[in-house]
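First the structure, in the form of structure tokens, and then the observations on it.
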């Protein structure tokens, strides 16, 4: 009991230093103050979480809660929309003032099926969703990590060119173990000694792309904090790449096994082609599962972290003291989950890369 | 539902960004890095192999050296032995020759002495003969100085000579 109490005190002291509690304390005070004074709508954990893991036209930093209302502080991004009637429009998202203003007949829908998206107001008052290729938070975060990747790996490549046949130095020694791992533990055993080299660029790219974006997503402030690899569009593109490469590199053996699976009784293939159907659907489910797995894992991680943070505010709304009491525990859990997520970030990158490599291996293998 | 509906905008940008990253990194990062890694591995392997070879060669050379040394030692011993034999041979030959030469010289000397002696004896004989004749002449002259003496001698010789 004594040990437990000491441990609790230690945790509280530690959290006091880190400033997490300072943040939660301030926020909860303001939160309770605003609810007490104006009786505004309370804290909605679901909305809070989905706002964070979803996409946005701003890169949100924080929201100032004053007596005049909420003032979000955010980096405005570029809105690029193409309307069938009025053509291409490019403007800064600050013009829309977080949904409070209409610019050039465009506004952010506050309800309905297009809630949170930029819509065009038609002359008759109805709204239509244009083709939207805005630089949203996720796109911006994506571009940041892409720039980071290019910088790191082009620097490393330059170092390799500059001193060939030397021991790795600086950034090389950071990058090299991972590349060696991808080559020797993913590509070589999965694809085979003869053909693995063709797939190495893609496997390296996808591994580091996923890992970088996962890690960037764990950084709570700009330029991180976006849920890029937890977005289905992002994982879908990567899964499509894997699917396309698998399909295009499929050899005769691969396609024959697809139609005429060996070691299966003939009545499973004729007259009802059950096995071929299963095999062909497997061709599509494999990348589909890749897409879902990465998306679900990363999104779930973000949801769990945000959920623990939400606990502070939920309890704080009931009672300020309760909010204080819950915060250290909540933050302790968040720290634990963060460490787990650091691991998950790497593991998911590994799993996606490994499975892609296995599919390439299956598509290019000769007779067993 | 929004969570699992891919947004067109993000889909577009992701496709673009990912393709560009893939192409750029493939050409300018992965190819050079992977080639460099392979080259380095090859060079390390080669270096190890050549080190092994060098070590082997060294061992072989050492063995060769020892062999050569042993051979040289053997050769030296043989040479020394031969030289010694030759020396002995020469000495014995020389001795033999000296003895022979000595013998020959002694023989020649002996022959010369013999010769000289024979000549000397001949001379002496001649001299003795002459002397004898002289003496006899003188003796006869002396004895035959008177008649009596001559008759006695003739008698004596006639008595000694048997007439048959």
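A short reminder: the numbers here are calculations on the coordinates, not readings from a lab. Computed from a predicted structure; not experimentally measured. FYI the Cβ positions are ideal-geometry reconstructions off the backbone, even for glycines, and counts take in every protein chain you see.
Considering only A:358, A:343, A:240, give the residue with the highest GNM mean-square fluctuation for chain A, with springs between Cα atoms whenever their separation is below 10 Å.
A:343
Which of B:142, A:129 has the fewest other C-beta atoms within 10 Å, and how do the rest follow up to the most? Can you show the working numbers first?
Details: B:142 10, A:129 16.
By the 10 Å Cβ count, ascending, the order reads B:142, A:129.
Send over the semi-axes of region A:68-117's equivalent ellipsoid, whole angstrom and largest first, taken as the square roots of 5 times the C-alpha gyration tensor eigenvalues.
Numbers: eigenvalues 86, 39, 16 Å².
The equivalent ellipsoid of region A:68-117 has semi-axes of 21, 14, 9 Å.
Mind checking the angle between helix A:196-218 and chain A's longest principal axis? C-alpha axes, 0 to 90 degrees, to the nearest 10.
Computed tilt is about 10 degrees.
Specify whether the C-alpha gyration tensor of region A:57-160 places it in the rounded, prolate or oblate class, a ≥ b ≥ c being the square roots of the eigenvalues: rounded for a/c under 1.5, otherwise prolate if a/b is larger than b/c and oblate if not. Let's see the in-between values first.
Details: a/c = 3.36, a/b = 1.57, b/c = 2.14.
Judged from the Cα gyration tensor, region A:57-160 comes out oblate (a/c at least 1.5, b/c at or above a/b).
Which values, in whole Å and largest first, are the semi-axes of the equivalent ellipsoid of region A:138-364 obtained as the square root of 5 times each eigenvalue of the Cα gyration tensor? Write down the numbers at each step before the final one.
Working: eigenvalues 293, 154, 35 Å².
In descending order, the three semi-axes are 38, 28, 13 Å.
Which whole-number percent is the relative contact order of region A:138-364 (Cα, under 8 Å, 6+ apart)?
Values: 215 pairs, mean separation 66.2, N = 227.
Rounded, it is 29 percent for region A:138-364.
How many times 2.2 N^0.38 Å is the alpha carbon radius of gyration of region A:248-311? Write down the numbers at each step before the final one.
Numbers: Rg = 19.4 Å, N = 64, 2.2 N^0.38 = 10.7 Å.
Rounded to two decimals, the normalised Rg is 1.81.
Given only helices, namely DSSP H runs of n ≥ 4 each adding -39500 (n - 2.57), what is the per-residue ellipticity at 222 nm of chain B, to the nearest 500 deg cm²/dmol? Intermediate results must be reported in sequence, preceding the final value.
Working: 3 runs with 145 residues, N = 164.
Helix-only estimate at 222 nm: -33000 deg cm²/dmol.
What ranking do A:297-307, A:45-55, A:137-147 get when scored by the average of other Cβ atoms within 10 Å per residue, highest first? Intermediate values should be presented prior to the final figure.
Numbers: A:297-307: 20.6, A:45-55: 16.3, A:137-147: 22.7.
Ranked from most to least packed, the peptides come out as A:137-147, A:297-307, A:45-55.
List the pair-distance distribution P(r) of the protein assembly as shown, using every Cα-Cα distance, as the percent of pairs falling in each 20 Å bin from 0 up to the bin containing the longest distance, rounded to whole percents.
Cα pair-distance distribution for the protein assembly as shown, in percent: 14, 30, 20, 7, 5, 5, 4, 5, 5, 4, 2, 0.
D for region A:90-138, whole µm²/s, Stokes-Einstein with Kirkwood Rh over alpha-carbon pairs at 4 °C and 1.567 mPa s: what number?
Working: Rh = 11.1 Å.
Rounded, D is 117 µm²/s.
Compute the helix-to-body angle for A:320-364: its Cα long axis versus the longest principal axis of chain A, expressed 0 to 90° and rounded to tens.
20 degrees
Enter the mean number of other protein chain beta carbons within 10 Å of the beta carbon of each residue in A:239-248, as an integer.
Working: counts 0, 4, 4, 0, 0, 0, 0, 0, 0, 0.
Counting Cβ atoms of other protein chains within 10 Å of each residue's Cβ and averaging gives 1.
By counting other Cβ atoms within 10 Å of each Cβ, how are A:286, B:26 ranked from fewest to most?
Values: A:286 19, B:26 15.
Lowest to highest Cβ neighbour count: B:26, A:286.
For region B:68-120 and region A:83-104, what is the separation of their C-alpha centers, rounded to whole Å?
What the calculation gives is 132 Å, centre to centre.
May I ask for the percentage of alpha-carbon pairs in region B:1-129 that lie more than 23 Å from each other?
Numbers: 6423 of 8256 pairs.
Value for region B:1-129: 78 percent of Cα pairs lie more than 23 Å apart.
Work out the mean other chain Cβ neighbour count within 10 Å for the residues of A:203-213 and drop it here as an integer. Walk me through the numbers on the way to the answer.
On the way: counts 1, 7, 9, 3, 0, 4, 5, 0, 0, 0, 0.
Averaged over the peptide's residues, the number is 3.
From the Cα trace of region B:62-134, what convex hull volume per residue do you get, rounded to a whole Å³? Write down the numbers at each step before the final one.
Working: hull volume 2.6 nm³, N = 73.
Considering the Cα atoms of region B:62-134, their hull volume per residue is 36 Å³.
By count of other Cβ within 10 Å, fewest leading, how are A:65, A:84 ordered?
Numbers: A:65 18, A:84 9.
So the ranking, lowest neighbour count to highest, is A:84, A:65.
Compute the helix-to-body angle for A:232-249: its Cα long axis versus the longest principal axis of chain A, expressed 0 to 90° and rounded to tens.
Once rounded, the angle reads 10 degrees.
How big is D, in µm² s⁻¹, for region A:259-368 by Stokes-Einstein at 10 °C and 1.306 mPa s if Rh is the Kirkwood radius over C-alpha pairs? Walk me through the numbers before you get to the answer.
Numbers: Rh = 17.9 Å.
Reported coefficient: 89 µm²/s.
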